[in-house]
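The values are calculated or read from the model by the stated rules, or taken from the named source; none is laboratory data. Source: prediction; values computed, not measured. Here the Cβ positions follow ideal geometry from the backbone for every residue, glycine too, while neighbour counts run over all protein chains shown.
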Amino acid sequence: MSVRKNICFITARPEKSHGRRVLDGIFTQCEKYGYNVSVVCSLTHLQNFAKTFNVGEQNIYNLIDYSNFDAVILDTVALTEDYTGNTIRKISDRIEKECKVPVIALIVPYRDFHCVRNYNEPILREMCRHIVEDHGKKNICLLTGPKGHTEAESRLSTFLDELKNHNVTVSNEHIIYGDFWYTSGIELAEDLLEGNISMPEAVICASDHMALGLIEKLTTNGVKIPEDLIVIGYEGTSEAALSKITLTTYESNEKQSAAEAVDYIRSKIEPGAEIIPYENDIRNNLHLGMSCGCQPDADRNSSVFKDALYLTIRNYSSSDFTENVDIGQLMESYVFEKLTSSGTPQSCIDNIYENTNLIEPFTNFYLCLLDNGYPEKMRLVLASSNNGEKSFHSSERSYTFDTKLMIPRIHEDCDKPYVFYFSAVHFNEKTLGYAVLQRELTNEHTINLVYRNWLRFVNSSLEMVRAKNKYMMISVKDEMTGLYNRRGMYEELDKMLAHSKSTDRLFVCVIDMDRLKYINDTYGHAEGDFSIKTVGKAAEAITMSSEKCVRAGGDEFFIIGVGDYDESDINKRTDKFNKIMKEHSDNSGKPYIISASIGCAVGTKDGFDETLSAADKTMYAHKMNKKKHR
């Protein structure tokens, strides 16, 4: 194991607002203490409707070998987004069996793992103060998450307590339970519009998504925001800044919680070591928008808008170009077309390597694909480095390693602490391997929408080239015998000629089975097929390593070669075939004789048709001679 401590953080969708904040807190403290971080993550929502794709994404969690780490942090917020609990249950079952190091549940308690809770009470109270003191509202509706949900009940309890401190009483009809998603906001809007619930002056929502669903439904039905109703949200999502009516939102204090999780780990794995507190000013957690009537936070809204902007034309001379690839730049690079046009597996790996610039900045990028069976062995097929370490993408330099290492690099000493992002490489539920993106902990960039989609392109291209080459193998090989067919013969002949010497000559054998019709009519077509395969085996047995054996069609076979041949090779090859053919027939146990006629010829390299014709004439003469002596 590396001299540096290595923390494993297990999460999903780290590019979302929650993930970015948590990573910020973890990275800040790990940088202080010199710890490496390995982020193992699904890049899609765990409840994604594309279930087979989700299976492939979540296979990345099976990769983790807990013996590689000094502690584990479970992102229980992200890992419970599937609502079934299946994902976090499977991960936790393995942890309880295999993990011998401290495990921390972040924010939401789970099983008996030590939990570092969220420190959001001051922020939740500030939300209430803002509505009552800054806007003078007293008739307030509270929309929280599911009834009985720990975080939903905690947020609601804090809202009620702070409003009570301001002499505001919330009626029972204005205490609403939801699901933290758009649907709850829409349902509340419908009740307000239909008069099932009286219209309040303000709604405080325990999540941005519920607030945005509420605003959209109300405004489409003529309710003016903020003139008729003030709405504020909680969590500080990007969607809040991108909405037509920008949402006033309070960013969750997840950075603080994540930082304190690392501090707790330090107290366990390095007892007595200095703890350097994380400093955070909660005033930075407020992002004003149009929904409450305050002056919007223009800088933040502009930054979020820029992140989401799709540009088709840009300033390619800007230094921003190489270090801040956005989704528009990714799509306009036509990387998907470049990758999926790869003709062979190696050309696909080459194309992936050439397009790693689209996921910069990074220190190193690694692509690991299946080798001798998952999860025992993996093959490192590509390494791209921006810090002078080894880079390669050729099959000659690829190598196999034990999957339990995850990536050999995390076990090596390094000059500074790094983060390693582990993500699945797959096609739907089929695991192809995984990718590892290494960056410095101090790098402000985390993996994002660009990386997620770039990796999807890689996934698709690897599967397409695999399927394409499987089809090509079928199209150039005979299904019954496994020998080359005529198309394959001509492709292989072209290769032979391209690599031949000027003095080389062409060698051709034509082999034709005897009495196939008799065997089919007397014993059945299954016996005829057996006989054809037997002749093919005899033909293959006399084919040298530099030659190709071909089933030309029906019961006819060719052997072709380019090299140092002369006429003496003809009789040697004929005698050898006849001997092997007789042995195969004698050992077949069949009530009939399996035999074939052969003819060979040697000719010039550019005279394939003529040489083939000469061999065919010799074979026919052989066959006629046999008939005369029956």
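Just a few scattered comments:
- Among the residues making up segment 222-248, those that are among the β-branched types (Val, Ile, Thr) and more than 17 Å from Ala206 (Cβ to Cβ) are Val223, Ile225, Ile245, Thr246.
- Out of Val465, Val476, one residue alone is out of contact with any Phe, Trp or Tyr (no Cβ under 7 Å at 6 or more places or on another chain), among the hydrophobic types (A, V, I, L, M, F, W, C), outside the structural domain of Gly56 (by TED's automatic domain parsing) and buried (at least 16 other Cβ atoms within 10 Å of the Cβ). It is Val465.
- Candidate set from segment 331-364 (those that are among the acidic types (Asp, Glu) and touching a helix residue (DSSP H, G or I) at 6+ places or on another chain (Cβ under 9 Å)); member that is nearest to Val458 (Cα to Cα): Glu354
- Residues that are in a helix (DSSP H, G or I) and of a type outside the set (Ser, Thr, Tyr) within segment 618-630 comprise Met619, Ala621, His622, Lys623, Met624, Asn625, Lys626, Lys627, Lys628, listed in sequence order.
- Of the candidates Lys590, Lys501, the single residue that is closer than 24 Å to Asp606 by Cα and either modelled with pLDDT of 95 or more or not aromatic (Phe, Trp, Tyr) (or both) is Lys501.
- Taken over segment 175-190, the criterion of being surrounded by fewer than 20 Cβ atoms within 10 Å (Cβ to Cβ) and in contact (Cβ under 8 Å) with a residue 12 or more places away in the chain is satisfied by Ile175, Tyr177, Asp179, Trp181, Thr183, Ile186, Glu190.
- Scanning segment 250-258 for any residue that is surrounded by 21 or more Cβ atoms within 10 Å (Cβ to Cβ), modelled with pLDDT of 95 or more and hydrophobic (A, V, I, L, M, F, W, C) turns up at least one such residue.
- In segment 580-617, the residues that are assigned to a loop (DSSP other than H, G, I, E, B) and farther than 21 Å from Asp494 by Cα: Asn587, Ser588, Gly589, Lys590, Pro591, Tyr592, Ile593, Ile594, Ser595
- The number of residues in segment 399-449 being touching a Phe, Trp or Tyr at 6+ places or on another chain (Cβ under 7 Å), without any contact (Cβ under 8 Å) to a residue 60 or more places away in the chain and part of a loop (DSSP other than H, G, I, E, B) comes to 1.
- Enumeration of residues in segment 408-465 that are over 18 Å from Val40 (Cα atoms) and in contact with a Leu (Cβ under 8 Å, 6 or more places away or on another chain): Lys416, Phe427, Phe457, Val458, Ser460, Ser461, Leu462, Glu463
- Residue satisfying all of: in segment 476-498; of a type in the set (A, V, I, L, M) and modelled with pLDDT under 90; nearest to Phe608 (Cα to Cα) among these: Val476
- Options Ala206, Ala273, Ala202: the member that is in contact (Cβ under 8 Å) with a residue 40 or more places away in the chain, of a type in the set (A, V, I, L, M, F, W, C) and in contact with a Ser or Thr (Cβ under 6 Å, 6 or more places away or on another chain): Ala206
- Looking across segment 237-278, the residues that are in a loop (DSSP other than H, G, I, E, B) and closer than 30 Å to Pro226 by Cα come down to Thr237, Ser243, Lys244, Ile245, Thr246, Leu247, Glu251, Ser252, Asn253.
- Checked against the criterion of being surrounded by fewer than 17 Cβ atoms within 10 Å (Cβ to Cβ), more than 22 Å from Glu227 (Cα to Cα) and modelled with pLDDT under 95, segment 160-168 contains not a single residue that satisfies it.
Residues are listed down the side, and each one gets a yes or a no for (1) outside any helix (DSSP H, G or I); (2) at pLDDT 90 or above; (3) touching a helix residue (DSSP H, G or I) at 6+ places or on another chain (Cβ under 7 Å); (4) of a type in the set (Val, Ile, Thr):
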residue: Asn280; (1), (2), (3), (4): yes, no, yes, no
residue: Asn284; (1), (2), (3), (4): no, no, no, no
residue: Ser302; (1), (2), (3), (4): no, no, no, no
residue: Val325; (1), (2), (3), (4): yes, no, yes, yes
residue: Gln329; (1), (2), (3), (4): no, no, no, no
residue: Cys368; (1), (2), (3), (4): yes, yes, no, no
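- Segment 76-125 - residue that is touching a helix residue (DSSP H, G or I) at 6+ places or on another chain (Cβ under 7 Å) and under 30 Å from Gly293 (Cα atoms) and, of those, surrounded by the fewest Cβ atoms within 10 Å (Cβ to Cβ): Pro122
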